[in-house]
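The values are calculated or read from the model by the stated rules, or taken from the named source; none is laboratory data. As the structure is a computational prediction, the values presented were derived from the model and not from experiment. Glycine also receives a Cβ, built like all others from the backbone with ideal geometry; neighbour counts cover every protein chain displayed.
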Amino acid sequence: MAYERYLGDAYLNDAEIQAWCRALAQARPGWVTLTELGPTRGGRPILLLTLGKNDGHQDARPGFWLDGGTHAAEWTGVMAALYAVSQWIQRIDEGDANFILWLTQHTITVLPNVSPDGYEAMIRGEPYLRSTLRPPKTARRAPASTPATSTVTAPPAGCAGVTRRGP
């Protein structure tokens, strides 16, 4: 896939997001670095884009962080991150001297999709979930010496008085 500007006119699936990020990094090696942070539980890569002059000093410059898709159903955040990156690349391509100077003195780090497994599940139409596809935690038991109940006490004048004991 060749890099094409993302116009924000469609929701991409995870494979398309990955392909777009890879194509961008390959097309603009002087300005964009792609790092694979690791795989998700589902085996999808978590990708990180770094924008800035690739002169070996990116980590020493002040930075700006942008991420999207923290929760599975937050599609617009993922697409907004891609759109922002696309706009910044367009400014470089158009020779925007002020922006290019700024980007030689700063680094922009973008994690477009924090939750690729959950995002992909939502795109495919699976039932709503807020965050990830990780299995639920097993029920925790309170130690025998600790009551596992919550107790509501009478509040002092003007104060709420809820006391919780246990895990």
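State the number of residues belonging to the range 1-18 that are closer than 26 Å to residue 125 by Cβ and surrounded by 15 or more Cβ atoms within 10 Å (Cβ to Cβ). Qualifying residue count, the range 1-18: 6.
Consider the range 62-75 and keep the residues that are modelled with pLDDT of 90 or more and closer than 13 Å to residue 17 by Cα. The one that is surrounded by the fewest Cβ atoms within 10 Å (Cβ to Cβ) is 68. Any chance the range 10-27 includes a residue that's part of a loop (DSSP other than H, G, I, E, B), out of contact with any helix residue (DSSP H, G or I) (no Cβ under 8 Å at 6 or more places or on another chain) and without any contact (Cβ under 8 Å) to a residue 24 or more places away in the chain? Taking every residue of the range 10-27 in turn, at least one turns out to be part of a loop (DSSP other than H, G, I, E, B), out of contact with any helix residue (DSSP H, G or I) (no Cβ under 8 Å at 6 or more places or on another chain) and without any contact (Cβ under 8 Å) to a residue 24 or more places away in the chain. Of all residues in the range 51-74, exactly one satisfies the criterion of being over 20 Å from residue 118 (Cα atoms) and under 13 Å from the mean Cα position of the chain (by Cα), namely 65.
In the range 75-96, the qualifying residues are those that are without any contact (Cβ under 8 Å) to a residue 24 or more places away in the chain and out of contact with any Gly (no Cβ under 7 Å at 6 or more places or on another chain), and the one that is nearest to residue 117 (Cα to Cα) is 76. If I filter the range 26-54 down to residues being surrounded by fewer than 18 Cβ atoms within 10 Å (Cβ to Cβ) and among the small types (Gly, Ala, Ser), which single residue comes out as modelled with the lowest pLDDT? Within the range 26-54, the match that is modelled with the lowest pLDDT is 42.
Among residues that are in contact with a strand residue (DSSP E or B) (Cβ under 8 Å, 6 or more places away or on another chain), more than 16 Å from residue 121 (Cα to Cα) and assigned to a strand (DSSP E or B), residue 34 is included.
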